[in-house]
Each structure stands twice: as C-alpha cells, then as structure tokens.
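Here's the structure, in structure tokens; my notes come after.
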Amino acid sequence: TTLPLEASETALAYDTTELSAKAGTVTIDFKNPSAIPHNVVIEDESGDELAGFEPLAEGEESESADLKAGSYTFYCSVPGHRQAGMEGTLTVK
C-alpha cells in the first residue's frame, strides 16, 4: 500500500491525521512544500521506531515498513513539531 502524506506549507501540520493500509509493505510518499524541515517517523504501540528519515525542507521522500495488523503512530521528529500537532494514527488491517 502506498499512502500520500503532505506537510502544510504554512503550519506545523500534516494534511491528515488518519491513514489506513493493508498489512504488509506500507510506503508513505511524503511531500514537504515548506521551507521548514519536516519528516515522518512510524512507531509501534510500545514506542519503538520502525521507519523514518531525516527532516527535509521543500522536498519529497518515501519510506517503507513491513507492518502487521494494528495501530501505529506517525509523527514529525523535529523538536516541538509533534507537540504542536504533527502526529496521526496509521491503522493497518
């Protein structure tokens, strides 16, 4: 499953806080039109990081993870961004 995700150009936010995919290889195609660096990290329910990449500004990056059915969290790891609301839920069925 390939999921699009985009950062806001003007706010500390993603364009959605809910993603869903089928179990197996899940790819997030991330686009950041902002000059402010952002990224996407996927973690499981115990807080273990499963996938992620370095923050980037005005660019695109993809990441993949082999995910089993369950609930995961995706977030921006730039300090302060997750706390400002750059996080969401990835549901895998």
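For the pair V78 and E60, the difference between a 0.36 nm per residue extended length and the Cα-Cα distance amounts to 4.9 nm. Counting charges near A7 (Lys, Arg +1; Asp, Glu -1) among other residues having Cβ under 9 Å from its Cβ returns a value of -2. For A51, the residues whose modelled amide H falls within less than 5 Å of its own, excluding neighbours fewer than 5 places apart on the same chain, are I42.
Most simply put, the chain has about 70% antiparallel DSSP beta bridges, counting only bridges with both residues inside it.
For segment 18-89, the mean projected area of the C-alpha convex hull, equal to one quarter of the hull surface, is 4.6 nm². Comparing T73, T25, T16 in a Gaussian network model of the chain (Cα springs below 10 Å), the most mobile by mean-square fluctuation is T25. Label point of T25 set 7 angstrom out along Cα-Cβ; within segment 33-66, amide nitrogens under 11 Å from it belong to 64-66.
Residues of segment 65-93 with an amide N closer than 15 Å to a point placed 7 Å from the Cα of L50 along the Cα-to-Cβ direction: 65-75, 88-93. Mean sequence separation of contacting Cα pairs (under 8 Å, at least six apart), scaled by the length of segment 35-83, corresponds to a relative contact order of 44 percent.
Explain nothing, just the number: relative contact order of the chain, from Cα pairs under 8 Å at least 6 residues apart, as a whole percent.
Taking the mean separation of contacting Cα pairs over the length of the chain, I get 33 percent.
Here the accessible area is traced with a 1.4 Å probe on the protein chains. For the chain, carbon and sulfur cover 46 percent of it.
Dipole check for the chain: with +1 at the C-beta of Lys and Arg, -1 at the C-beta of Asp and Glu, and the Cα centre as origin, the magnitude is about 260 Debye.
Note on the chain: dipole from Cβ charges, positive end direction compared against V92, A11, T27; the farthest Cα belongs to V92.
The values are calculated or read from the model by the stated rules, or taken from the named source; none is laboratory data. Keep in mind it's a predicted model, so treat the numbers as computed, not measured. Reconstructed Cβ throughout: ideal geometry from the backbone, glycine too, with neighbour counts over all protein chains shown. Just so you know, the surface numbers come from the protein's heavy atoms only, side chains and all, with ligands and any DNA or RNA stripped out. Shrake-Rupley method; radii C 1.70, N 1.55, O 1.52, S 1.80 Å.
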